[in-house]
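Okay, so here's the structure we're looking at.
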Amino acid sequence: VLTEVQAIGINVERSNFDGINFTKGNWSATNFSNSSLRGVVMEEVTLTGTNMQNCNFSPFQNIPSVISSDLKGTNFKGSNMSMITIMGGDFTSANIEDCDLTGASFTACTFNDYDFSKFNLKGVRFRACDMLGCTFSGALAGTTFEGCNLRNSKFDECVITESNFDDAELTGVSFEKAKIKATFYASIGTRIKAK
């Protein structure tokens, strides 16, 4: 257990933290790159500017969870984040490029102006997230955007199948040339023309 630890700017590269509880710690600017963080619990943790490149967050005895943590500027590039649960995370300037997000769940997170065009979002669940001005492309299969604010986002030329936009804010969203098979129950703000 590493709760309430203040470890700012240290190097723990290639370490094994499987199943560790990091609750209420400050790990800002720490280098976790290439570490195993399977099944970790990170609640109210400050990770601002932390390097988590190529880390493994896959399940280990329990689903890894990051709750109400500051993720601004965190580098997750190339990490295995499959099945991770993140609640209340702010991904402003964070890098999740080349991550495995299979089965990941993001609730009440902020991704404003994020470019998801290079991501495989198959089966990813976004719930009540702020995703204003985001860009999506390619296939979105089984992706959930339930209750998300997607105002002014672009889904141009996407192939959207078995996806859920229930209760989403869609004002100004563009679905130009998209192929859509999804639910939009009680979604607000957009009209989709069938051609």
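Values in this text are rule-based calculations from the coordinates and carry no lab data. What you see is a predicted model; the values in this text were computed from it and never measured. Note that we place each Cβ from the backbone using ideal geometry, even for glycine, and neighbour counts take in every protein chain shown.
Quote the charge dipole size of the stretch 1-112 about the Cα centre in Debye, to the nearest 20; the model charges only the Cβ of Lys and Arg (+1) and of Asp and Glu (-1).
Once rounded to the nearest 20, the dipole reads 100 debye.
Only sites in a loop by DSSP and with at most 13 other Cβ atoms within 10 Å count here; which chymotrypsin sites (Phe, Trp or Tyr not before Pro) in the stretch 95-190 make the cut?
The qualifying sites are 185.
Just 15, 163, 28 to compare: in a GNM of the chain, with alpha carbon springs under 10 Å, which one fluctuates most?
Ranking 15, 163, 28 by mean-square fluctuation puts 15 first.
Return the ratio Rg/(2.2 N^0.38 Å) for the chain, where Rg is computed over Cα atoms only.
The reported ratio for this selection is 1.05.
Need one number: nm distance between label points at residue 93 and residue 5, each 7 Å from Cα along Cα→Cβ, rounded to one decimal.
2.5
Using the Cα centre as the reference, give the magnitude of the dipole from point charges on the C-beta atoms of the stretch 134-188 (Lys, Arg: +1; Asp, Glu: -1; all else neutral), rounded to the nearest 20 debye.
It works out to roughly 180 debye.
How fast does the stretch 1-110 diffuse by Stokes-Einstein, in µm²/s, taking the Kirkwood radius from C-alpha pairs at 10 °C and 1.306 mPa s?
121
Check the chain and count each lysine pair with an alpha-carbon distance under 20 angstrom, considering only pairs eight or more places apart or from different chains.
Lysine pairs satisfying the spacing and distance rule in the chain number 21.
Considering the dipole of the chain built from charges on the beta carbon (Lys and Arg +1, Asp and Glu -1) around the Cα centre, which of 120, 86, 132 is farthest to its positive end?
Looking along the dipole axis, the top candidate is 120.
When the dipole is taken about the Cα centre of the chain, and only Lys, Arg (+1) and Asp, Glu (-1) are charged at their Cβ, what size is it in debye, to the nearest 20?
Using Cβ point charges on Lys, Arg, Asp and Glu, the chain gives about 580 debye.
Through the Karplus equation 6.51 cos²θ - 1.76 cosθ + 1.60, θ set to phi - 60°, convert the phi angles of the stretch 45-62 into ³J(HN,Hα) values in whole Hz; use x for Gly and Pro.
9, 8, 10, 4, x, 7, 9, 10, 5, 6, 8, 10, 9, 5, x, 8, 6, 8
Of 12, 45, 173, which has the largest mean-square fluctuation in a 10 Å C-alpha GNM of the chain?
In the Gaussian network model the winner is 12.
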